[in-house]
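The structure appears below as structure tokens.
All of the numbers you see were taken from the coordinates with simple rules; none came from a lab. Since this is a predicted model, take the numbers as computed values, not measurements. We place every Cβ from the backbone using ideal geometry, glycine too, and count neighbours over all the protein chains shown.
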Amino acid sequence: MKSIRKIDAIPKLNGSWKFLDDYSYEEMIHGQLLYSTCHHGTIKKIHFPDGYNLSEFTVVSAANIPGENIVPEPVCDQPYMADKEVFHFGQVIMGIAHPNRKLLREFIRKIKIEYEELPAIIDIKECLENEDNVFGKELIIDHRTGRKPDPNWIHHHKIYYTPHQEQAYLEPQGMIAVWQPKEKIMFVRATCQCPFFVKEGVETIMGSAIKEAVIETSEGIGGAFGGKEDFPSLLAGITSLLSYKSGKPVKIVLEREDDIQITTKRHPARIEIETWTDPETRKIMKIYIDYRLDAGAYQTLSPVVLARGVLHAISGYSIPDAYIRGRLFRSNTPSNGAFRGFGAPQAFAAMEAHVESIAADMNINPYKFRRKNIFRIGNEFPTTQPILENNLSDCLERVIEKSNYLQKLEEFKEWNKTHKDKKGIGISIGYHGGGYTGNGEKVLNSEVKVVIEKDATVKIYVANTDMGQGAHTTLAQMFFEAIDHPREKCLVQLPNTSKTPNSGPTVASRTIYIIGNLLRRFALKIKDELGFENLDDYVSSNQNEFPREFRMKFVQDPSVVFDEENYVGVAYKDYSWAACVTEIYFHADTYQIELTKSWNVIDIGKVVNQKIAVGQAEGGILQGLAYGLCEFFYKAGYGRMHGFSDYALPTTMDLPEIDVEFIHTDSPIAKGLGEIPMDFPAPSVRNAFHNATGIFIDEYPLVPERIFKSLTADERR
Amino acid sequence: MKFIRPNDMEGLFQNMEENNDRRYFLAGGTDINVQIKNGVIKNAEIIYIKHLKELNGIQIVKDDIVIGAVTNITEILNSKIIKENLPFFQRSLESFASPLLQTSATIGGNIANGSPTADVVPLLLVLDAKLEIVSKTQTRIIELNNFFTGYKTNIMKTNELIRSIIIPRKAENGFDTYFEKVGSRKSLMISKVTLAGLKNISHSKFTTVKLAVGSLNEYPRRLYKIEEYLTDKSLIEINFLKVEELLNEEITPITDLRSDKEYRYHVCVNLIRTFLNE
């Protein structure tokens, strides 16, 4: 629980910590991407502008690729660069480099591309409503009992929609490739979450033209939130190709506008839910969920997002009879990708809204209805995985108690009677399975390495990156706290694929949960093997043994067995749980919701570093609340946004008071924290708005224009 | 692009004798720099003016407060003179962009840039502000209300610039004041609807009403028809359907990526109602 300071705190304050654009190499030139402005069409001609010396430019396209023109992903269907046909706005057509960054930008802006336009689907609803747009494999969790609903069970049927969300990392996507022809090595400096994905990305596009790609991250990675999981593979591929062709180091840093327009976003979703509830017992007896995601033009990693979506679709309720289907839909928009939460925020958006509707229809207190149906020991997930703890229920009880929910319900009801503006309070719950889904961690087969030097300094080699979330501080802390070694003698090394074993990507709330716990066990194992009490003493009296390297692999618990064909079994060994109560103030004149207070109780097991954990929670909670409240990226008829003046990221001024409490912290296991803060808070905003006004809105975000429409529609009725 | 930094006013005027419709004056740069980066402004003549002391500062001149055109928003927010004389104006400017931009953005720039969403303009309109417009040979004073001619256009010739903004010292005296800027977040936002209002009441009748709106027309403007209708009426004599009808004549809200015209219109109606009721 020790709140040791982040290793990067001071160098970030004084500006010495190097981000991607701070690196420079001799003779380095600058690259940019030329991308499609057509949603679907064949490229007829590309006109370069007059007045430029074309020999100064390095240009690469699909025709120049020595390896394969397919980005390695869970589904390999996306080319690095379009060949003849473009399938979405923002699809890369060429990489272009020049020594002068400004001139390059001007040159690219003046390039004209002629297309023969083809039919395109760009509207989210048009994409998700039409079942002809389905692509890829349908996922089904079938936990039906075959029992017919009793005639007195109450049927609820609703459709919920969620929008895109932009990761809005501070540092845009960037890459530097340095071709070393003598060694035939492509060295790449990356701002990314997954150095080994980038390595595979570069080796795929370069094929036999290179012997090996070596990826090292920049010292600082200015945020990622999932946005730097797969796009860096594509960017690194094209940057490498430019370096290979020009023979010079090439740096590409995306302009913010390009980054917003062409990189991956959170998948918009349409989730249809039908339930049958027994009015006597107030228990949901049967559920049907149709979970749909707009994948964009290619599947890429969307099937994995879909998997997590259906596995979290039921929220935290024990429902004896469940059928969940998940499908991907194709549109002519950039592929959507990873974003903190990975399919789960969409799932909770729908189900946490749905239970609120049922409770309202049946005139039951939303908390009491949840308590009746919430997961308890002895229940099981629709995959038949048994529920082994009551921690979700504990989170709910605690947040209700500390927020004074029941009393405030009454207070607000009274206050609202005499005021034009309204106050509201809403609940939501959520959870997140730690690590890769199903058998994923077995397949990843993560390995970590430690080198103990002659002065007893411990160098930790992991592929997991610190993108501002404090991973390198916390990972080191888990190692040195286990053996009581001084913190300044225990440092995580900058990930470099030629020195670091593959401990897997920095995704899926797995960094502390899988790699951190592995490092803790590893420290104890080394201590046991060498038989020391104090590492410093041991090293100084056994100098000839050092420096010495140790390696250890992650071994998955044998209880984790998941049938990926039928979606039966243990999908995740450990779950983090959470519950939230949010208070809002609704401004009647402007139809705006103001967040006033958010109470959050989270079980992530053992808390390694209290301050970092609270910081992660607060950031995620604000990101989650804003997902429900104000962030949208696309408006039908008006297209996609270009920058942050329109895209309504909240500012610190919009931040409500956020209360975070961790419970069950005496657990020996540190569970996943990365994503859960983003998963659960958004529905509480919507539910609080319902509490304030009696109106349900089934589509995020609850922007005032949408509220205005639904209020006036209500008046017309 | 040509960049000029004159040493003094004389040097400034020397550089702007000729008319040139590609001439831009650079002070805080919060609008112009973005337009240069986006390629909206190109092959232009940029004259830097932020350092010219004749264009800076806040003074009391007889019955007026005179604010130099390149005075930035932070300076106005920190000004004692403004605090004592125009506290409503000062308070309302806190919602201008963000604290960071306030240190750079200038009052004259916000006016001259001519955006329909300009934060300072509705406020200055209800305060009956005037502009001092100068060229090498001429100084003229015009009402801000007569300054704009259309979307991002105004009555200035390209050899003229705004030297100062003149606000009557007692512009707020005796009035109930109202200002609401509505946007998608609390800071760093471009307004969807802005309403500024002044009123005073005598024997339960509105003796004076001044109303100005932003983001609802090609440029911010006063709502004279509504003001006229409301004057000399008491609250119960006001037919709000008539106010809505007049508002419909005075504003032309649009639907865009940011917001919807119906929303903008109804929020404006609500704000006027609240302003009158409070």
Once Lys and Arg get +1 and Asp and Glu get -1 on their Cβ, which of B:L144, A:I612, A:C38 lies farthest toward the positive end of the dipole of the protein assembly as shown?
-> B:L144
Sequence-distant lysines (8 or more away, or on other chains) whose Cα lies within less than 26 Å of A:K45 = A:K84, A:K102, A:K110, A:K112, A:K245
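Mind running the shape call on the protein assembly as shown? Use the C-alpha gyration tensor, a ≥ b ≥ c as the square roots of the eigenvalues: rounded below 1.5 for a/c, prolate if a/b tops b/c, oblate otherwise.
On the way: a/c = 1.78, a/b = 1.28, b/c = 1.39.
Cα axes put the protein assembly as shown in the oblate bin.
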Each label point is 7 Å from the Cα along the Cα-to-Cβ direction; what then is the distance between the points at A:K184 and A:N363, in nm?
-> 7.9 nm
Rough spin-label spacing in nm, given labels placed 7 Å along Cα→Cβ, for A:S16 and A:C76 | 4.5 nm
Filtered hits (aspartates and glutamates, Cα-Cα < 14 Å from A:K248, offset >= 8 within chain) -> A:E26, A:E27, A:E56
Between the range B:178-220 and the range A:312-355, how many Å separate their Cα centres?
-> 43 Å
Of the candidates A:S208, A:G51, A:A578, the farthest towards the positive dipole end of chain A (Lys/Arg Cβ +1, Asp/Glu Cβ -1, centred on the Cα centre) is A:G51
Value of relative contact order over the range A:1-117, rounded to a whole percent, pairs C-alpha under 8 Å and six or more apart = 41 percent
From phi via Karplus (6.51, -1.76, 1.60), per-residue ³J(HN,Hα) for the range A:180-196 in Hz, x at Gly/Pro | 10, x, 4, 8, 6, 10, 9, 8, 10, 9, 10, 9, 7, 9, 9, x, 6
22 Å Cα-Cα reach of B:K242 towards lysines, excluding residues that sit fewer than 8 places from it in its own chain = B:K199, B:K205, B:K210, B:K225, B:K233, B:K261
Expressed in nanometres to one decimal, the distance between label points 7 Å along Cα→Cβ at A:K102 and A:E380 is 6.8 nm
Length gain on complete extension for the stretch B:E237 to B:K53, per 0.36 nm per residue less the alpha carbon to alpha carbon distance?
-> 61.1 nm
Assigning unit charges at the beta carbon (Lys, Arg +1; Asp, Glu -1) and nothing else, what dipole magnitude in debye, to the nearest 20, does the range A:437-554 show about its Cα centre?
-> 480 debye
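Pop the C-beta distance of B:K80 and A:K597 into the FRET formula with R0 = 60 Å and round what comes out to the nearest 0.05. Walk me through the intermediate numbers first.
Numbers: r = 37 Å, r/R0 = 0.61.
So, using R0 = 60 Å, E works out to roughly 0.95.
What's the local net charge at A:F522, with K and R +1, D and E -1, over the other residues with C-beta under 11 Å away?
Working: positive: A:K449, A:R520, A:R521, A:K525, A:K527, A:R551, A:K553; negative: A:E447, A:D528, A:E529.
Neighbourhood net charge equals +4.
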Given H placed on each backbone N at 1.01 Å, which residues far from A:V214 in sequence or on other chains put an amide H within less than 5 Å of it?
-> A:M186, A:F187, A:V188
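Sum up the lysine pairs in the range B:2-168 that clear both bars: alpha-carbon distance under 16 Å and a spacing of 8 or more or different chains.
Close lysine pairs found across the range B:2-168: 4.
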Looking at the protein assembly as shown, what % of its DSSP beta bridges pair antiparallel, to the nearest 5?
-> 80 percent
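Any chance you could run the full-extension gain for A:L388 through A:R371? It's 0.36 nm times the residue separation minus the Cα-Cα distance, nm to one decimal.
Working: separation 17, 0.36 × 17 = 6.12 nm, distance 1.71 nm.
Here the answer is 4.4 nm.
Antiparallel versus total DSSP beta bridges in the range A:440-553: what percent is that, nearest 5? Please report the intermediate quantities before stating the final value.
Working: 10 of 13 bridges.
The antiparallel fraction comes to roughly 75 percent.
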Dipole magnitude of chain A about its Cα centre (Cβ charges: Lys, Arg +1; Asp, Glu -1), debye to nearest 20 = 180 debye
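Quick one: work out the % antiparallel among DSSP beta bridges in the range A:573-717, nearest 5.
Working: 14 of 20 bridges.
Within the range A:573-717, antiparallel bridges account for around 70 percent of the total.
What number comes out for the charge environment of A:L655, summing +1 per Lys or Arg and -1 per Asp or Glu over other residues with Cβ under 15 Å away?
Values: positive: A:K597, B:R185, B:K186; negative: A:E583, A:E594, A:E618, A:E631, A:D654, A:E657, A:D659.
It works out to a net charge of -4.
Give, in nm to one decimal, the length gained when the segment between A:E26 and A:I46 is fully stretched (0.36 nm per residue of separation minus the Cα-Cα distance).
Gain on stretching A:E26 to A:I46: 4.0 nm.
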Phi to ³J(HN,Hα) by Karplus 6.51 cos²θ - 1.76 cosθ + 1.60 over the range A:378-383, Hz, x for Gly, Pro | x, 7, 9, 5, x, 7
Fewest to most Cβ atoms within 10 Å: A:L535, A:L254 sort as A:L254, A:L535
Amide H neighbours of A:F19 under 5 Å, counting only residues 5+ apart in sequence or on other chains, H built in-plane at 1.01 Å?
-> A:G220
Residue order, fewest to most beta carbons within 10 Å, for B:H203, A:H432 = B:H203, A:H432
Residues listed by number, the range A:561-587, amide nitrogen under 20 Å from A:V555 label point at 7 Å toward C-beta = A:561-562, A:573-574
Taking amide H positions as placed in the peptide plane 1.01 Å from N, state which residues far from B:S98 in sequence (5 or more) or on other chains have amide H under 5 Å from it.
-> B:L188
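For the range B:2-168, what is the charge dipole size about the Cα centre, in debye to the nearest 20, if Lys and Arg each add +1 at the Cβ and Asp and Glu each add -1 at the Cβ? Display every interim value, and only then the final one.
On the way: 18 positive and 18 negative charges, 76 e Å.
Approximately 360 debye in magnitude.
Go ahead and run the numbers for FRET between A:E411 and A:T712, Cβ-Cβ distance against an R0 of 25 Å, rounding to 0.05. Don't skip to the answer; put the middle values down first.
On the way: r = 29 Å, r/R0 = 1.14.
Using R0 = 25 Å, I get an efficiency of 0.30.
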Cross-link pairs A:K573/A:K671; A:K286/A:K671; A:K553/A:K606; A:K420/A:K709 - those with Cα-Cα distance over 20 Å | A:K286/A:K671; A:K553/A:K606
Euclidean distance of C-alpha centroids, the range B:1-80 and the range B:102-152, integer Å | 12 Å
List, in order, the whole-Hz ³J(HN,Hα) value for each residue of the range A:518-523 obtained from phi through the Karplus relation with A = 6.51, B = -1.76, C = 1.60 and θ = phi - 60°; use x for Gly and Pro.
-> 5, 5, 5, 5, 4, 4
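Sorted by mean Cβ packing within 10 Å, highest first, what order do the peptides A:362-368, A:471-477 take?
Packing order, densest peptide first, comes out as A:471-477, A:362-368.
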